[in-house]
Each structure stands twice: as C-alpha cells, then as structure tokens.
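What follows is calculated from the coordinates using simple rules that are stated; it is not laboratory data. What you see is a predicted model; the values in this text were computed from it and never measured. Cβ coordinates were reconstructed from backbone atoms using ideal geometry, including for glycine residues, and neighbour counts include every protein chain displayed.
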Amino acid sequence: MQLDVDGLDQHYGSAQVLRSVGFSVPSGGCVAVLGRNGAGKTTLLKCLTGVLAPTRGSIRLAGEDVVDLPSHVRSRRGMAYVPQGREIFGDLSVGENILAAARAHGTKASGAVEEALDLFPILKEMWKRRGGALSGGQQQQLAFARALVTRPKLLILDEPTEGIQPSIVSLIEDVIAGLRGRISILLVEQYLDFAISLADRVVVMSRGTVVETADRGAIDRDALSRHIAV
Ligand SMILES: Nc1ncnc2c1ncn2[C@@H]1O[C@H](COP(=O)(O)OP(=O)(O)OP(=O)(O)O)[C@@H](O)[C@H]1O
Ligand SMILES: [Mg+2]
C-alpha cells in the first residue's frame, strides 16, 4: 500500500518540530527514515499513525487522505505501528497482548496469530508470562507480533533495534527482510547498517525536515553517517 506524505508541519506549543515533511513509500517498498536524536522522527510517525494531528499537510494511504481519520480507522485501512519503547501492556500476559491486538483489529483467522508466533517462537514459550516480565528484546518481538497479527499493508517501526542484543537484532532484520516486497515498510532507525541493508530508499531528517533522499544503489554511506553522527 502506497504512502504519500506531503507538506507536513507539526508544533509542540510554539515550537515547530516538523517543517513541510514530504516523502513516499511505494507499495511493497521499504523506506528508512534516519536522523539524529530529536530530529522529529517519532513525531512524524505519531502524525502518520494518528496519535498526533499535524498542524498542516496531507497523509495519503493508497491515494486516500487519512489525515482526519482516527488511529483505529487508519489501522483498519492496513496501517500498523510498532512504537519506540515498545508500549506493550505490562500487566497482561503475552497471549493476552497478542489476542487483544488481533481482536481490536477484528482479525478472525487464527492463522495470523500462528504466523506471528512462527516468526517469534519465544513468544509461544512465554505465552502465559506477564508482558512486563519480558526482556527488552522479547518485548520488542511482542510489539512486532502485535502489529503483524493485524495483517498490515503498511508496517511502521520506530527504532526496532534500540537497546536490543545482537541476536535479536538479526532476528528482527530477518523478519523485516521476509516482509519486504509483500507489504510496505517504513522504518525509523539510527543503526545505519541495519537501515541500509533493508531499505530501498533512505530519507534523512534534520531539525524537523527532510534534507536528503536516496534510493538503493545511490546511497552514499559516508554522507549519511555524517548526517546522523552525533
Ligand atoms: N510531547 C512533547 N512536547 C514537547 N516537545 C516534544 C514532545 N515530544 C518531542 N518533543 C520535542 O520535539 C523534537 C522532536 O522529538 P522526536 O521525539 O520526534 O525526535 P526523534 O527524532 O524521534 O528523536 P529520538 O531519536 O531521540 O527518538 C525534540 O526536540 C523533542 O524534544
Ligand atoms: Mg524517536
């Protein structure tokens, strides 16, 4: 499902955090958004998913402007979101977390749950464990599974490798690689090599605006690392 973002502005009080942000994720494409801490990446994703209402601009899903639609309707249209910091339900079990996500989305087929558990087998073992008792890497897998059981057409991930041990990073990389081409993926990352290995297109943000866009093949790793180095 194609995503087109155009002229997006966002303010927190009088501070402008997004400035005329525009880019597209083609249907089945994987786009990585890179940028330093505070560049506005999470704010952008919150606008896309309907957590925040942008002050200006359009967000089109398969051609339809969804900027005035609430989050749950965007989710029905096929958008799923894995937020930064996971945001799972700590007091619910792993199973309850997953089934609640499937139910909220109206997923009837248990097939979606089975598929997600096959990708993240640890969640099967931890099915009855409280979400809050999982390690960071296990919570990341749970958040990812919660998004996948909705059978998204556009998957939005905010720093899925942040604070995660290398073996889980490579599992997450494999899962994203397996989804590439089948659904659209928008990936916010600060881990440059992870982003470059997966993305068909890289969008660099600085101070709330897009300063660079490069497609696979034209990606200059050194130029990118200068943009995002602290
Ligand atoms: N709720 C808020 N109220 C006021 N300012 C905020 C709020 N959330 C974020 N900001 C500010 O907006 C700017 C962009 O923040 P945002 O979280 O979007 O950046 P980010 O690129 O996701 O950073 P990080 O890489 O650290 O996750 C920062 O200057 C931040 O301090
Ligand atoms: Mg962020």
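Each residue of the range 41-46 in turn: what ³J(HN,Hα) in whole Hz from Karplus with 6.51, -1.76, 1.60 and θ = phi - 60°, glycine and Pro shown as x?
Per-residue couplings from phi come out as 5, 5, 4, 4, 5, 5 Hz.
How large is ³J(HN,Hα) for each residue in the range 51-61, as worked out from phi by the Karplus curve 6.51 cos²θ - 1.76 cosθ + 1.60 (θ = phi - 60°), to whole Hz, x for Gly and Pro?
Taking θ as phi minus 60°, the curve returns 5, 10, 9, x, 6, 7, x, 10, 10, 10, 10 Hz for the range 51-61.
Say each of A53 and A223 gets a label point 7 Å from the Cα, pointing the same way as Cα to Cβ; how far apart are those two points in nm?
Taking the simple label geometry, A53 and A223 are separated by 3.9 nm.
What percent of all Cα-Cα pairs in the range 123-230 falls into each 10 Å bin, going from 0 up to the bin containing the maximum distance?
Per 10 Å bin, starting at 0, the Cα pair percentages come out as 12, 42, 32, 11, 2.
Calculate the all-directions average of the projected area of the range 93-151's alpha-carbon convex hull, and give it in nm².
With the hull built on Cα positions only, its mean projection is 3.3 nm².
Multiplying the sequence separation of D193 and T213 by 0.36 nm and subtracting their Cα-Cα distance, what value in nm do you get?
5.6 nm
Just order 94-100, 20-26 by mean Cβ neighbour count inside 10 Å, highest at the front, would you?
94-100, 20-26
Could you give the Stokes-Einstein D for the range 2-65 in µm² per second, using the C-alpha Kirkwood radius, 10 °C, 1.306 mPa s?
Reported coefficient: 131 µm²/s.
At a threshold of 8 angstrom on Cα-Cα distance, excluding pairs fewer than six apart, so keeping six or more, what relative contact order does the chain reach in percent?
30
Would you grab the residues whose amide H sits under 5 Å from the one on E159? Only those 5+ places off in sequence or on another chain, please, with H modelled 1.01 Å from N.
When sequence neighbours closer than 5 places are left aside, the close amide H contacts are V188, E189.
Multiplying the sequence separation of A177 and S206 by 0.36 nm and subtracting their Cα-Cα distance, what value in nm do you get?
Full-extension gain reported as 7.8 nm.
If packing is taken as the average number of other Cβ atoms within 10 Å across a peptide's residues, how do 181-189, 124-132 rank, most packed first? Show your work: numbers first, answer last.
On the way: 181-189: 21.1, 124-132: 14.7.
Ranking the peptides 181-189, 124-132 by packing returns 181-189, 124-132.
Using a Förster distance of 25 angstrom, determine the FRET efficiency expected from the C-beta separation of R77 and S14, and round it to 0.05.
Values: r = 33 Å, r/R0 = 1.30.
For R77 and S14, the calculated efficiency is 0.15.
Check T55: other-chain or 5+ apart residues with amide H under 5 Å from its amide H, H built from backbone geometry?
D9, Q10, H11
Relative contact order of the range 130-230, please, whole-number percent, based on alpha carbon pairs below 8 angstrom and at least 6 residues apart.
After rounding, I find 20 percent.
With axes computed from alpha carbons, what is the tilt in degrees of helix 136-148 against the longest principal axis of the chain, rounded to the nearest 10 within 0 to 90?
90
Which ³J(HN,Hα) values, rounded to whole Hz and listed in residue order, are derived for the range 114-124 from phi using the Karplus coefficients 6.51, -1.76 and 1.60 in 6.51 cos²θ - 1.76 cosθ + 1.60 with θ = phi - 60°, glycine and proline given as x?
For the range 114-124, the Karplus curve yields 4, 4, 5, 5, 5, 6, 10, x, 4, 5, 5 Hz.
Determine one quarter of the surface area of the Cα convex hull of the chain, which equals its mean projected area, and express it in nm² to one decimal.
12.0
Given +1 on the Cβ of Lys and Arg, -1 on the Cβ of Asp and Glu, and no further charges, what dipole in debye does the chain carry about its Cα centre, rounded to the nearest 20?
460
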